[in-house]
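The values are calculated or read from the model by the stated rules, or taken from the named source; none is laboratory data. Note that the structure is predicted; figures quoted are calculated from it, not measured. FYI the Cβ positions are ideal-geometry reconstructions off the backbone, even for glycines, and counts take in every protein chain you see. Heads up: the accessible areas ignore ligands, DNA and RNA and are worked out on the full protein's heavy atoms, side chains in. Shrake-Rupley method; radii C 1.70, N 1.55, O 1.52, S 1.80 Å.
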Amino acid sequence: MTEDQRSRKALVPEAKVSYDKALKAATEAVAGSKPVSVELKRGAGGKPEWHAKVAASDGTESTVRVDAVSGEADKPQTKNEDGDDKKELADRLARATVTAQQAADTATGKKSGTVTAVELDTNDQKKEIWSVDVVTTNDWNKTTFDVDAKGRKILREHVDRD
């Protein structure tokens, strides 16, 4: 087993709160926001936590840490960005008609496992995608799916075996 696999094997079972509940807590912490990303990490003190990013309709981004055991959200930290970055994020969110939940459901429909990260991004073809990481507990591999944020089609699948 690789170091990354051992790390996933130690972290994933400790998380009692799923990615979707963490995103819900994060969006509730920032009124009127939409999910941008969420990732399961080991926080300070060794506890599992979700690092979520959410954005208001004008593209103002906030980071919210959510305890992966209790589901409690920390106070949001708002990012000070220039107008172009905010507009770009607002536009990306507006173009994404597929939700983070729908993208994750598409990925786990292809490969059963635990969702450990979801992120709205743009691929090399400048297409909005949701990048979804799914960890399988039989081998602790991570598979990343790029899901079209408009059509919900899987555009790319990559298994990280290290």
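For residues in the stretch 1-26 being among the hydroxyl-bearing types (Ser, Thr, Tyr) and outside any helix (DSSP H, G or I), which is surrounded by the most Cβ atoms within 10 Å (Cβ to Cβ)? Explain how you work it out, then say what you get.
So the first thing to find is which residues in the stretch 1-26 are among the hydroxyl-bearing types (Ser, Thr, Tyr), and the list is 2, 7, 18-19.
With the extra rule that they be outside any helix (DSSP H, G or I), the set shrinks to 2, 18.
Numbers: THR2: 12, SER18: 17.
For the stretch 1-26, the residue satisfying everything is SER18.
Is it the case that SER62 is more than 30 Å from ASP139 (Cα to Cα) and under 16 Å from the mean Cα position of the chain (by Cα)? Before the answer, list the steps.
Values: more than 30 Å from ASP139 (Cα to Cα): yes; under 16 Å from the mean Cα position of the chain (by Cα): yes.
It is true that SER62 is more than 30 Å from ASP139 (Cα to Cα) and under 16 Å from the mean Cα position of the chain (by Cα).
List, please: which pairs have Cβ atoms under 7 Å, are six or more places apart or on different chains, and start with a residue in the stretch 27-42 that is open to solvent by 70 Å² or more (accessible area, probe 1.4 Å) and end with one that is assigned to a helix (DSSP H, G or I)?
If the second residue must be assigned to a helix (DSSP H, G or I), the pairs left are LYS34/THR27; LYS34/LEU93; ARG42/LEU11.
Counting only residues that are assigned to a strand (DSSP E or B) and either open to solvent by 20 Å² or more (accessible area, probe 1.4 Å) or at pLDDT below 95 (or both), which one in the stretch 100-143 is farthest from ARG8 (Cα to Cα)? Can you show your working first?
Initially, the stretch 100-143 is screened for residues assigned to a strand (DSSP E or B), giving 114-122, 128-135, 142-143.
Subsequent filtering for residues that are either open to solvent by 20 Å² or more (accessible area, probe 1.4 Å) or at pLDDT below 95 (or both) retains 114, 119, 121-122, 131, 133, 142.
Working: THR114: 11, GLU119: 18, ASP121: 23, THR122: 26, SER131: 18, ASP133: 12, LYS142: 9 Å.
Residue satisfying both the conditions and the ranking: THR122.
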